[in-house]
Every structure is written in C-alpha cells, then in structure tokens.
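What follows is a single structure, written as structure tokens, with notes after it.
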C-alpha cells in the first residue's frame with residue numbers, strides 16, 4: 001500500500017507578475033515502510049514537493065493522497081489533524097528556543113491535549129531513543145547541531161506519526177554527525193516501521209539510507225528507481241551530469 | 001551646604017509630599033499610556049506582520065506622523081485644537097493619555113512587527129507541520145520568541161515615554177516638574193537657591209523610576225542569553 005501518493009502535482013507561483021513553475025506534473029508514490037529519497041539541486045523544487053505532502057504548500061494542480069485520503073478534500077481542522085500525524089524535520093531544526101529539550105518534545109503532545117505527566121513520560125522515552133536522555137533540561141542554544149536535530153526528531157515522533165518528512169535534515173551538519181543522524185533515521189524506520197521521505201541534495205545521503213529515489217530537476221521528475229539500480233549502473237551520475245547537476249554529486 | 005544647593009526648601013511645609021504627589025501624576029499618565037501602548041501595539045504589530053497591503057500603508061503614514069511630530073505639538077493639537085475644532089470637552093489628563101498612547105502604540109506596533117518578521121519562516125512552517133492553527137502558532141511559537149527580541153527596544157520606549165510626560169505641564173497638568181516650579185517660585189524670597197535642589201530632586205525621582213526598569217531589561221537579556229538564546 002502506498003503511504004503517500006502524489007498525482008500530477010503542479011505548483012505555480014506569481015513572482016513580480018511572472019509565473020514560476022516550481023513543480024511540473026510530478027507523480028510518484030511512496031510505499032508504506034520504505035525510505036524514499038528525493039534528490040535535486042537547490043531550486044529544483046524538492047522543498048516545494050515535500051511541503052505539498054503535508055499541504056504546507058497547496059499544489060496548484062494535482063492530488064495528494066495520504067493513506068488513500070485526499071488532502072484537498074479535508075476541512076482545515078481535519079487537515080491540521082492529518083498534519084499532526086505526519087512528522088517533519090528541517091534543515092534549521094526549528095526548535096522552540098524558549099523551551100528546554102523535554103518541553104520541546106512535549107509541545108506537540110500538549111497541543112494535542114495529552115496530560116502533562118503522560119506527555120513527559122512519552123517525551124523521556126523518545127529522548128532515550130534519540131540518545132539525549134541526559135539533556136532534557138538543556139535549552140536548544142546549548143546543543144550542537146546534531147543534538148538539535150535529534151530533539152527535532154523526537155518532537156516529530158511524539159504524536160506517533162506513520163510518516164516522517166525530512167527536509168534537508170542533514171545539510172547543516174558535518175559528515176560524521178550526518179552519518180549518526182542517518183543511522184538514527186534508519187533505526188527508527190526499521191524499529192517503528194515509519195515511512196520516511198528524505199529530501200536532500202547530497203547523493204551520499206540517498207546512497208546510505210534510501211530504498212528508492214526520485215531525481216527532481218527544474219520541477220520535473222526526471223528519474224525514479226531503486227537506489228541499488230541507479231548507483232549500480234552509474235545511471236544517477238549520468239542523470240546528474242546531463243542535467244548539469246554535477247555540483248550536487250559530492251557531499 | 002544644604003541651603004547653598006537649595007535642598008532645604010524640600011523640608012519646608014509639605015513641599016516634599018507635593019513633589020511626590022506630582023510624580024504620582026506623571027506616573028499615572030505614564031503607566032496608563034504604557035499599558036495601552038504595549039497591549040494595542042502588540043495586537044496591531046501582529047496584524048502588520050501579516051503584510052496586508054492596505055493596513056501597512058495606512059500604518060506607515062501613522063508611524064511617520066508620530067515620528068516626525070514633536071510630542072508637544074501633538075499635545076497642543078489634541079488638547080487645544082481638537083477640543084475647539086470638534087467642540088468636545090476633554091480634560092488635560094485624558095488628552096495626555098491619548099497623545100502618549102497614540103505615540104506608544106505606533107512605535108510598539110513597529111517594534112512588534114519587526115520582531116515578528118525576524119522569526120525565521122521555518123518556525124511558521126514547523127508550526128504548520130505540527131498541526132497548529134494560526135492562533136496557536138502565534139501564542140506558543142512566534143510571540144514567545146519575538147518577545148525576547150523585543151525587550152531591549154520596548155524598554156527603551158517605555159522609559160522615553162515616562163520621561164516625556166514632563167511635557168504635560170504645558171497643557172496645564174500639575175505634575176512633578178510643575179510642582180517643582182511652583183515650589184521654587186513660592187520660595188523665591190526665602191530660598192533663592194532652591195532651583196538646583198528642587199530640579200535635582202525631580203531628576204532623582206525620574207531616575208529612580210526608570211533605572212529599575214532598565215535593570216530588569218538587562219537582567220532578562222542576560223538570562224535569555226545564557227538560558228535560551
């Protein structure tokens with residue numbers, strides 16, 4: 001069953017009277033429980049693509065289906081509930097600076113109306129899973145980038161989502177920290193069976209954790225295949241070179 | 001010594017009590033205006049950060065009027081001008097509160113607007129991703145983080161408002177400065193040196209009001225720098 005299905009997504013913006021096409025007829029489907037990579041250069045449209053999945057950006061045309069439910073058909077309230085069932089982490093972490101680590105992880109639970117005590121218990125479990133059980137009293141400003149992303153992951157998992165969206169989640173981190181975060185994502189995927197969509201411009205990220213990958217260029221889906229196949233045949237390099245994406249091929 | 005510097009006059013009759021009462025008037029006007037300004041400024045600034053073209057255009061005219069118009073002229077316009085032109089009977093104190101709030105709301109709203117738009121767009125996006133509605137986004141995510149950026153400048157605004165209330169004597173309000181003048185004039189013969197002592201005391205009173213406010217601001221800044229920022 002597909003957890004996420006995107007059908008003929010097109011997104012257009014009006015910028016200074018000119019129409020910019022960020023997404024151009026993109027269709028793809030992500031199976032339940034897989035780690036799916038979406039790779040492309042900055043400006044290729046992959047951020048718009050991932051924001052369409054939880055309707056932070058509403059596509060101009062096309063359909064988004066989460067577990068076969070079409071998002072466009074939901075009311076605002078239903079949509080917010082759906083969003084809370086889809087975890088998302090960002091390049092810039094986006095933690096609440098005024099709250100400590102534990103309170104950051106509790107936050108989505110508080111919003112969902114979970115009792116304080118239960119929320120704390122749940123948050124402590126999650127912090128243990130991401131390896132930060134000893135940091136619950138620290139504030140985000142006292143953490144390293146990798147630690148902040150771990151908090152963000154714990155927060156994203158607090159509401160038991162079945163889908164986790166990662167928008168350039170490792171792009172602000174050094175290679176070693178990147179590896180540890182990727183290992184954590186892989187662990188979460190295999191332990192909790194959460195479907196993960198990974199947006200990145202780093203080929204190494206795709207290679208390390210993704211099952212399948214889509215290549216996005218200039219708003220279009222130019223290739224989609226299993227990671228093994230794309231890397232085995234060197235096809236991905238070819239695609240990258242052809243679309244002038246060689247620069248994105250490295251770290 | 002006390003006589004030479006003119007402090008002695010403060011101990012004559014009920015002069016010191018009168019000065020304190022005058023300071024009370026100044027503070028009453030300040031506190032009411034500051035509360036109105038901070039409250040409404042916060043609301044208006046929040047709307048401004050949403051970048052509605054018409055609202056922002058109107059606001060920019062309003063802000064420029066407040067910025068370029070001397071507070072004294074505003075006081076005169078409202079107290080002498082508006083009462084005549086619109087034939088409404090406005091007491092001096094409410095007129096002063098209106099002028100100071102008119103000023104404070106504009107500046108506060110602009111500070112709030114700037115603080116809110118300085119919050120990275122990612123914070124709005126992640127709030128949406130967590131399933132928050134607009135009100136929750138502002139209440140739990142944006143405003144708490146914006147307030148930290150707001151503290152230094154809004155404290156500056158508050159102290160500026162407090163000290164500028166000394167202008168209200170020009171529309172006939174007997175506040176601390178006016179009381180000071182009255183004391184000096186009444187004692188012209190017996191204490192010819194009173195001016196220094198009285199005005200120095202007025203200065204001290206303003207200082208003792210504004211200084212703690214500024215200390216609190218410093219303390220908060222320091223706390224957030226270590227703990228949160």
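Since every read-out is calculated from the coordinates, none of them should be taken as a lab result. Computed from a predicted model, the values in this text were never measured in an experiment. No Cβ is skipped: glycine too gets one built from the backbone with ideal geometry, and neighbour counts run over all protein chains shown.
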On average, how much area does the Cα convex hull of region B:121-229 cover when viewed from any direction, in nm²? 10.0 nm²
Tilt of helix B:92-117 relative to the longest C-alpha principal axis of chain B, in degrees (0 to 90, nearest 10)? 30 degrees
So what is the relative contact order for region B:2-227, in percent, with contacts set as C-alpha pairs under 8 Å and at least six apart? 36 percent
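If you rank A:179, A:68 by fewest surrounding Cβ atoms within 10 Å, what's the result? Please list the in-between numbers first.
Numbers: A:179 17, A:68 9.
Least crowded to most crowded, the residues run A:68, A:179.
Where Rh denotes the Kirkwood radius from the mean inverse Cα pair distance, what is Rg over Rh for region B:15-84?
Details: Rg = 16.6 Å, Rh = 14.8 Å.
My calculation of the ratio gives 1.12.
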Going from the fewest other Cβ atoms within 10 Å to the most, one would list B:224, B:103 as B:224, B:103
How long is region B:112-166 along each principal axis, judged by its Cα atoms, biggest number first, in Å? 50, 17, 13
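Once you have the alpha carbon radius of gyration of chain B, what is it after dividing by 2.2 N^0.38 Å, with N set to its residue count? Could you put the intermediate results ahead of the total?
Values: Rg = 21.8 Å, N = 229, 2.2 N^0.38 = 17.3 Å.
So chain B has a normalised radius of gyration of 1.25.
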C-alpha long axis of helix B:15-49 to longest principal axis of chain B, angle in °: 20 degrees
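Counting pairs of Cα atoms in region A:96-160, how many percent are more than 15 Å apart?
Details: 808 of 2080 pairs.
The proportion of pairs with Cα distances above 15 Å equals 39 percent.
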For region A:121-163 and region B:149-214, what is the centre-to-centre distance using only Cα atoms, to the nearest Å? 53 Å
Stretch gain in nm, segment residue B:31-residue B:11, where the contour uses 0.36 nm per residue and the Cα spacing is subtracted: 4.4 nm
From Cα pairs below 8 angstrom and at least 6 apart in sequence, can you work out the relative contact order of chain A, rounded to a whole percent? 26 percent
Work out, in µm²/s and without decimals, the Stokes-Einstein translational diffusion coefficient of the protein assembly as shown at 20 °C, 1.002 mPa s, Rh from Kirkwood over C-alpha pairs. 81 µm²/s
Compute the long axis of helix A:116-129 from its Cα atoms, compare it with the longest principal axis of the Cα atoms of chain A, and write down the angle in degrees, 0 to 90, nearest 10. 60 degrees
Take the Cα radius of gyration of chain A and divide it by 2.2 N^0.38 Å, with N its residue count; two decimals is plenty. 1.01
Expected 222 nm ellipticity per residue - DSSP helices of 4 or more, -39500 (n - 2.57), all of the protein assembly as shown, to 500: -17500 deg cm²/dmol
Over the Cα atoms of region A:101-248, what radius of gyration and what Dmax do you get, in Å? 17.5, 55
